[in-house]
Amino acid sequence: MGKILVPVDFSEHSAYALEVAASLARQSDSEIVLLHMMGLSEAILTKDASQEAAEAHYYMKLTRKRFQEFLDKDFLQGIKVQEMVQNYKIFSEINEVALEVQAELIVMGSHGTSGLSSIFVGSNTEKVVRTAKVPVLVVKKQRPGYKPHKVVYACDYKVEDLSAYTKALELSKQWQAEVHLVFVNLPTEHFKSSEEIKRAREMFFKVAHNGQKPAEVSTHVVSDYSIEGGIFYFASTIGADLIAMPTHGRKGMAHFFKGSIGEDVANRADIPVITFKV
């Protein structure tokens, strides 16, 4: 893996994301690019030149001080960290930074506490997920020495989603992780018979792997009332440490997360989640 971009606001959850990024960077000898978005208001930026220069100097000095304090962590020892400060206020601009620095992964902290809906819906993280062309890894809690071993990938075997699947498989191979493809069968108009799922799966693997499923990939079918419920349930049964999902651009995660699920299921979704742009 090349560079890992970590947007930070110096919060506790940013520290969680940085620690996970450090663990992944250490495993792949990668560099971390730490991005802080100052988000200065137009009122500050439209002052006369002398006032603007003075205020900009003050905020930059404050940010450098906070960077020094934030980076004083044992888990960063031996890892190359590049610091960036931008005056972005729109979170979609993180994608521009990722492309500029040639990052292969974005790692973000989330304040969500009640499952994936609270992570993605209406949050800054969702805005990044919608626009980022590189994978986005969302971290909710501290995970020292994090390394994915079991990845649950939400898969409906649509050939048009192969690009996301391929990216997920490439990262999982780097981490030497098992990949569990999970098809969630719903009791709705989208219900599929076992034969229909089998045909879709065979076609998917025919296009992706010339019909030969990789040894590290296993397939599963789960029945549930929602896709997120099925994914959470399966992840908990195998002790997964990462949930992976494709996302379709500006639709964000809306095409996956419709309606709500029970708190008992949602609260189990405290493991990291990674999204891949289709």
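The values are calculated or read from the model by the stated rules, or taken from the named source; none is laboratory data. Since the structure is predicted, the reported quantities are computational estimates derived from the model, not experimental observations. In this analysis, Cβ positions are derived from the backbone assuming ideal geometry, glycine residues included, and neighbour counts consider all displayed protein chains.
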Fill in the blank from the handout: Residues of the stretch 233-275 being at positive phi and at pLDDT 50 or above, in sequence order, are Gly239, Gly249
Practice task
Could you tell me whether the stretch 62-74 includes any residue that is of a type outside the set (Lys, Arg), modelled with pLDDT of 90 or more and assigned to a loop (DSSP other than H, G, I, E, B)?
Solution key: no
Handout entry: Failed item, numbered, when Leu116 is tested on (1) closer than 27 Å to Ala22 by Cα; (2) at pLDDT below 95; (3) in the same structural domain as Val278 (by TED's automatic domain parsing)
Key = (3)
Handout entry: Single match in Ala168, Ala164 (criterion: hydrophobic (A, V, I, L, M, F, W, C), in contact with a Lys or Arg (Cβ under 9 Å, 6 or more places away or on another chain) and in contact (Cβ under 8 Å) with a residue 40 or more places away in the chain)
Key = Ala164
Exercise for the section: Might you check whether a residue that is in the same structural domain as Val6 (by TED's automatic domain parsing), modelled with pLDDT of 65 or more, of a type outside the set (Phe, Trp, Tyr) and surrounded by 10 or more Cβ atoms within 10 Å (Cβ to Cβ) occurs anywhere in the stretch 36-50? Expected result: yes
Problem - Matching strands (runs of 3 or more DSSP E) fully within the stretch 114-233 where at least 1 residues are farther than 24 Å from Gly2 by Cα and among the hydrophobic types (A, V, I, L, M, F, W, C) - result: 150-154, 178-185, 217-223
